[in-house]
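So the structure is just underneath, and the comments pick up after that.
The values are calculated or read from the model by the stated rules, or taken from the named source; none is laboratory data. Here the structure is a predicted model, which is why all the values come from computation and not from measurement. Here the Cβ is made from the backbone with ideal geometry for all residues, glycine too, and neighbour counts use every protein chain on show.
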Amino acid sequence: MNNFKSKDEFIYYVKAKTKQFAIDTIKFCDSLSCTQSLKVIKFQLIKSASSTGANYRAVCRSRSKAEFFSKLSITLEEADESQYWLEILDNLQLKINQVELDRLQNEITQIVSILTTARKNTK
């Protein structure tokens, strides 16, 4: 939380970052071709990317430290899954927008890092 003046400012930042990641991921997936295997990957990626943001919102409404930790762990799992599907797309070496794929990978790496640190700090 070094660059944030308050906890609320940090929460707003992470909510906005996870929401924008979901939106950007959906747009990226819409640009991909529609092969049978890519349909599955796109579905899984959109689910995990949007779930990351949705679950973070649930984290912010936690009623106890235990609930906070549990919901944060679920959010981190979803972010990690998004990272996995982006790595799969990268490893497939398809003719896709590599600049956007790299940017999304960087974004989710940052989100995973933020969530990991937040979870460590709640123990």
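General observations
- Region 1-42, subset closer than 22 Å to ILE114 by Cβ and aliphatic (A, V, I, L, M), residue farthest from the chain's Cα centre (by Cα): MET1
- If the condition is being closer than 13 Å to PHE21 by Cα and either polar (S, T, N, Q) or not in a helix (DSSP H, G or I) (or both), then region 95-116 contributes GLN105, ASN106, THR109, GLN110.
- Filter pass, LYS19 being closer than 17 Å to VAL59 by Cβ and touching a residue at least 24 places away in the same chain (Cβ under 8 Å): yes
- Candidates are the residues of region 1-54 that are within 30 Å of GLN93 (Cβ to Cβ) and of a type in the set (Asp, Glu); the one that is modelled with the highest pLDDT is ASP24.
- Residues that are of a type in the set (Gly, Ala, Ser), in a helix (DSSP H, G or I) and more than 19 Å from ASP102 (Cβ to Cβ), drawn from region 1-57: ALA16, SER37, SER50, SER51, GLY53, ALA54
- Search result, residues across region 43-73 that are of a type in the set (A, V, I, L, M, F, W, C), closer than 15 Å to LEU115 by Cα and buried (at least 18 other Cβ atoms within 10 Å of the Cβ): ALA49, VAL59, PHE68, LEU72
- In region 100-115, residue nearest to TYR13 (Cα to Cα) [restricted to those that are surrounded by fewer than 17 Cβ atoms within 10 Å (Cβ to Cβ) and charged (D, E, K, R)]: ARG103
- Some residue of region 74-94 being modelled with pLDDT under 95, surrounded by fewer than 19 Cβ atoms within 10 Å (Cβ to Cβ) and assigned to a loop (DSSP other than H, G, I, E, B): yes
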